[in-house]
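J.: One structure, pasted below without further comment.
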Amino acid sequence: MIVGNKVANENELKDMSEKADTEALQNDQRSHGPKDMALSVVKKIRENLLFVLTLLAVFGGLILGVIVQQCVKPHSYDMVVILLKFPGEILLRMLKCVILPLVVASVITGLGAINAKSCGKIGGVAVAYYMTTTVMAAILGLCLVSAIRPGEGNTDFKETGGAVNADPNTNTLDTIMDLLRGAFPDNIVSATFGKHATKFSEVADTDKDGNDLGTTHLERSLKFVDGSMNMIGIIVFSIVCGVIMSLHPEESAPLMRVSGHVR
């Protein structure tokens with residue numbers, strides 16, 4: 001009798017397993033219907049909403065640009081372009097406003113949370129990497145400018161009286177020295193607004209009495225360039241702060257909490 005009950009139970013379990021497999025197969029077949037596929041696509045779009053919106057914005061901008069170029073009258077073209085650029089300018093201003101506190105808080109929090117030995121190694125690698133890539137970019141840019149000479153032969157600047165911002169007399173040594181000089185800013189607040197750079201200016205030659213000789217020479221000077229953030233100086237300052245905070249964790253705990261909340 002016990003054997004019979006065991007066999008009956010095994011048969012019931014087998015029937016239930018077959019029934020569950022059949023229901024699962026039917027559900028899989030239903031899941032391939034148009035409605036379920038549409039729901040799956042909507043779910044994927046929601047999961048990657050930012051990427052989808054970015055693509056739509058890019059294609060929308062291309063289409064809108066073509067429409068404006070073909071349909072807008074020439075006398076109102078400049079005003080339309082200004083109005084279209086305005087939202088983008090607002091977005092870029094907001095992003096630039098967020099960059100500085102994010103970078104400073106991230107570097108300080110990251111280095112302050114580890115031990116001093118690892119902190120020094122990571123900070124040195126970060127500074128060396130940033131300075132190496134910046135020097136390579138500067139050397140590559142100067143080499144390409146010397147070889148290609150972009151804008152040579154263009155008469156637009158002569159006709160309009162415009163001027164190129166880049167100083168053609170600046171050499172690689174000046175660029176490297178400006179980079180190293182910028183890594184140690186004399187004022188961290190001013191480093192957020194601009195940086196010092198080597199500039200050349202023509203100075204008239206005079207004799208001992210101050211009379212103009214009719215000739216000029218180039219004079220090198222260090223000038224503060226506004227509007228370009230001294231990012232390497234800010235990173236070095238943040239690394240030093242992070243190293244000091246890692247050496248004194250108890251005293252720097254309040255600042256660490258503030259940096260963590262900002263990040």
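J.: Where the second residue is at pLDDT 65 or above and the first is among the aliphatic types (A, V, I, L, M) and lies in the stretch 137-162, which pairs have Cβ atoms under 6 Å and are six or more apart or on separate chains?
T.: Pairs that qualify, where the first residue is among the aliphatic types (A, V, I, L, M) and the partner is at pLDDT 65 or above, are Ala138/Thr175; Ile139/Thr172; Leu142/Thr172.
J.: For the stretch 152-201, which residues satisfy the criterion of being part of a helix (DSSP H, G or I), modelled with pLDDT under 65 and within 20 Å of Thr216 (Cβ to Cβ)?
T.: Lys158 - this is the single residue of the stretch 152-201 that is part of a helix (DSSP H, G or I), modelled with pLDDT under 65 and within 20 Å of Thr216 (Cβ to Cβ).
J.: Out of curiosity, is Ser106 hydroxyl-bearing (Ser, Thr, Tyr), open to solvent by 40 Å² or more (accessible area, probe 1.4 Å) and in contact (Cβ under 8 Å) with a residue 40 or more places away in the chain?
T.: When the stated conditions are applied, Ser106 passes them.
J.: Of the residues Val225, Val243, Val236, which single one is in contact with a Cys (Cβ under 7 Å, 6 or more places away or on another chain) and of a type in the set (A, V, I, L, M, F, W, C)?
T.: Answer to the check: Val243.
J.: Additional query: State all residues of the stretch 247-263 that are open to solvent by less than 20 Å² (accessible area, probe 1.4 Å) and either modelled with pLDDT of 80 or more or part of a helix (DSSP H, G or I) (or both); if no residue qualifies, say none.
T.: Listed by number, the list holds a single entry, Ser259.
J.: Hey, among Ala128, Ala57, which residue is out of contact with any helix residue (DSSP H, G or I) (no Cβ under 8 Å at 6 or more places or on another chain), open to solvent by less than 100 Å² (accessible area, probe 1.4 Å), closer than 29 Å to Ser252 by Cα and among the small types (Gly, Ala, Ser)?
T.: The conditions single out Ala128.
J.: Right, next: Give me the pairs, please: first residue somewhere in the stretch 82-102 and within 19 Å of Thr54 (Cβ to Cβ) and without any contact (Cβ under 8 Å) to a residue 24 or more places away in the chain, second residue anywhere and open to solvent by 100 Å² or more (accessible area, probe 1.4 Å) and β-branched (Val, Ile, Thr), beta-carbon distance under 7 Å, and either six or more positions apart or on two chains.
T.: From the stretch 82-102, no pairs qualify.
J.: Is one or more of the residues making up the stretch 220-229 closer than 16 Å to Ile99 by Cα and at pLDDT 80 or above?
T.: Checked against the condition, which is being closer than 16 Å to Ile99 by Cα and at pLDDT 80 or above, the stretch 220-229 yields at least one hit.
J.: Could I ask something else about it? Show the residue pairs meeting these rules: Cβ distance below 8 Å; 6+ apart or different chains; first residue within the stretch 215-233 and over 12 Å from Gly182 (Cα atoms); second residue assigned to a helix (DSSP H, G or I) and open to solvent by less than 70 Å² (accessible area, probe 1.4 Å).
T.: Listed pairs, sorted by first residue: Arg220/Asp174.
J.: Name the residues in the stretch 202-215 that are at pLDDT below 75 and out of contact with any Leu (no Cβ under 8 Å at 6 or more places or on another chain), would you?
T.: Lys208, Asp209, Gly210, Asn211, Asp212, Leu213, Gly214
The values are calculated or read from the model by the stated rules, or taken from the named source; none is laboratory data. Treat the numbers as computed from the prediction; the structure is a model and nothing was measured. Reconstructed Cβ throughout: ideal geometry from the backbone, glycine too, with neighbour counts over all protein chains shown. Just so you know, the surface numbers come from the protein's heavy atoms only, side chains and all, with ligands and any DNA or RNA stripped out. Shrake-Rupley method; radii C 1.70, N 1.55, O 1.52, S 1.80 Å.
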